[in-house]
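Report on one structure; see the data block that follows.
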Amino acid sequence: MDFKVKFEDNDLIIKQLKQEEFNDLYNVAKDPNIWKQHPENDRWKKEKFAIFFKNGIDNEFGIYKIINKSNKEIIGSSRFYNLDPKDKAIRIGFTFITTKYWGTTTNFKIKKLMIDYALKFLDKIYFDIGENNIRSRKAVEKLGATFFSDDNKGMVVYKLNKIDFI
């Protein structure tokens, strides 16, 4: 199972980001509105975003850029992380998209492409979400994920079982 593959549908391309694309992604991420509900709500600052980006590049599964096919614009990012072979599970997260695409089907499509692939090999997907990030919590619930646990550090975990995926 290769979690550095490219995903594509009629509207989106999701593929690995390269180190030299920092500024391209930062141009999307520098909008403070994107981060308002996140535990790190100052991630729009360049020095904070640089840490997020480096962690994504260093992640064993990399970091994805999300591209709108119609205009070739980078609209956000996501990643796989924390593969647990014993639990047959992986996590999907650190997803953000520009506010222009909020309230559309874009986030659903991003997650669906990633989930469809992961569930070919695994039985569960976990999502770590800031407890006050209502937008993200509702988004994963629409995918069929249910509340799993609270980590007492301002994060909640949702779980999506293969049998529950839409």
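The values are calculated or read from the model by the stated rules, or taken from the named source; none is laboratory data. All values reported here derive from a predicted model rather than from experimental measurement. We place every Cβ from the backbone using ideal geometry, glycine too, and count neighbours over all the protein chains shown. Surface accessibility is based on the protein's heavy atoms, side chains included, excluding ligands, DNA and RNA. Shrake-Rupley method; radii C 1.70, N 1.55, O 1.52, S 1.80 Å.
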Exercise. How about the range 129-150: which of its residues are open to solvent by 20 Å² or more (accessible area, probe 1.4 Å), touching a Gly at 6+ places or on another chain (Cβ under 9 Å) and either among the small types (Gly, Ala, Ser) or at positive phi (or both)?
Worked result: 136
Problem set entry | Neighbours by Cβ (under 6 Å, 6+ apart or cross-chain): first from the range 138-161, under 17 Å from residue 90 (Cα atoms) and of a type outside the set (Val, Ile, Thr); second at pLDDT below 85 and open to solvent by 20 Å² or more (accessible area, probe 1.4 Å) | 144/164; 144/165; 144/166
Exercise. Quick one: what pairs do we get from the range 30-55, first residue at negative phi, second open to solvent by 80 Å² or more (accessible area, probe 1.4 Å) and acidic (Asp, Glu), C-beta under 8 Å, 6+ apart or different chains?
Worked result: 48/40; 52/40
For this session: Report yes if residue 71 is more than 14 Å from the chain's Cα centre (by Cα), open to solvent by less than 80 Å² (accessible area, probe 1.4 Å) and touching a residue at least 40 places away in the same chain (Cβ under 8 Å), otherwise no.
Result: no
For this session: Please enumerate the residues belonging to the range 14-27 that are farther than 12 Å from residue 52 by Cβ and over 14 Å from the mean Cα position of the chain (by Cα).
Result: 18, 19, 20, 21, 23, 24, 27
For this session: Report yes if some residue within the range 74-95 is under 20 Å from residue 3 (Cα atoms), assigned to a loop (DSSP other than H, G, I, E, B), touching a residue at least 12 places away in the same chain (Cβ under 8 Å) and of a type in the set (D, E, K, R); otherwise report no.
Result: yes
Seminar exercise, completed: Only one of 81, 117, 126, 101 is touching a strand residue (DSSP E or B) at 6+ places or on another chain (Cβ under 7 Å) and crowded, with 20+ Cβ neighbours inside 10 Å, namely 126
Exercise. Which is at pLDDT below 95 and under 13 Å from the mean Cα position of the chain (by Cα), of 94, 80, 3?
Worked result: 94
